[in-house]
Amino acid sequence: MRSAQVAALALTLVAAGCGGGSGGAASAPSVPAPTNAPASTATMTLAISFPFGTAPNSAARTPRYLSDGTEALAVYDGATLLYVGNLILTTSPAFVTPPVYSKSGTTTVTTGDCVRGNLASTCTLTITTVPGPHTFGLTAYADFQGGFSLPGSVRRNVSDIGTPPTFTGLILSEGELAMTAVGGNNSPQTITLLGVADIAQWFGPQTASFNQTATVGYEIQEARSGQILLPGNAYDNGPVTITASPSGILTFTPISQSVPPATNGSQTFNVTCSSSNGGLVTFTASAGTHPNATYASGLTYNSSNYSNGTLSTRGFRCFGS
């Protein structure tokens, strides 16, 4: 390691999509303009947008997925956990201090603050590292980490900063960026976060008569009940599948969906009761129990931090002739 070549590195991340709504960007917190860095340093900016509410149109969405239910962030450089911090988007500063975990050494993370706009809160982080190849990973959790629960409770002591936590709660979204940090000022970079499918909500009729066609609606959500939307071009644990059992009672085309919808609201499929005897059918929505890609966070998460694979089931009854 070239420990003498410590570089200030700030990645740019714009993340959006949550809770049945779309987020427009808030104004980013004020960050000092980078100076002309020497060749031994690399400088970029990192901004994370947590949307809330409903945007006036789909064009207001930014091209990443990050739930406004996020309560903790973990940052990695390859296999190395750099930072774990809790945040409360309704307070200032939003990042709880001291952090749950902060690694010392040649690569470190420093938090800024979050600015609340009309449609989103935008937060900043700074990563300090050495020039060269890096794979930065970011994981968003649905729960506070390290024993912290609510403002006013006992927070972790400064002496705890050197102790990585045992992660609790479900992962909402995660992603990674492979890049080479070069000396001097680098162009802004992005990490594409993908939503983790954890819940399927169902809408529409639950019965139909013989030879009748019914339209069933569904939404695929993360653990905080936020619908996962484009543009984030995949479910992190996709594809999402919907099957029906037993067979022979209704006609239905099984669903295998890898790409989230572009707009909030339910998606639909049709079923036709085809048996004159009728019967009860169970629809099952499922997804994977681990990330499709080898994220850095995969080195520390456990099964309790991820979907169990079954998003939900729903009964549907066909009446006979």
What residue, of Asn308, Asn264, is free of Cβ contacts under 8 Å to residues at least 24 places away in the same chain, in contact with a Ser or Thr (Cβ under 8 Å, 6 or more places away or on another chain) and outside any strand (DSSP E or B)? Asn308
Identify, please: which residue in region 141-195 is part of a loop (DSSP other than H, G, I, E, B) and among the charged types (D, E, K, R) and is, among those, modelled with the highest pLDDT? Asp143
Yes or no: region 253-260 includes at least one residue that is within 16 Å of the chain's Cα centre (by Cα), outside the structural domain of Ser173 (by TED's automatic domain parsing), within 14 Å of Ser173 (Cβ to Cβ) and of a type in the set (A, V, I, L, M, F, W, C). no
Is it the case, given these coordinates, that Thr294 is free of Cβ contacts under 8 Å to residues at least 24 places away in the same chain, assigned to a loop (DSSP other than H, G, I, E, B) and either in the same structural domain as Leu66 (by TED's automatic domain parsing) or under 24 Å from Ile171 (Cα atoms) (or both)? yes
List every residue pair whose Cβ atoms sit under 8 Å apart, with the two residues 6 or more apart in sequence or on different chains, where the first one lies in region 235-246 and is assigned by TED's automatic domain parsing to the domain that holds Arg314 and the second, anywhere, is acidic (Asp, Glu). Asp236/Glu174
Quick one: Ser256 ticks every box in (1) outside any strand (DSSP E or B); (2) in contact with a Pro (Cβ under 9 Å, 6 or more places away or on another chain) bar one, so which box is it? (1)
Take the conditions at pLDDT 95 or above and polar (S, T, N, Q) and apply them to Asn233. Does it pass? no
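The values are calculated or read from the model by the stated rules, or taken from the named source; none is laboratory data. Remember, predicted model here, so these are calculated numbers, not experimental data. FYI the Cβ positions are ideal-geometry reconstructions off the backbone, even for glycines, and counts take in every protein chain you see.
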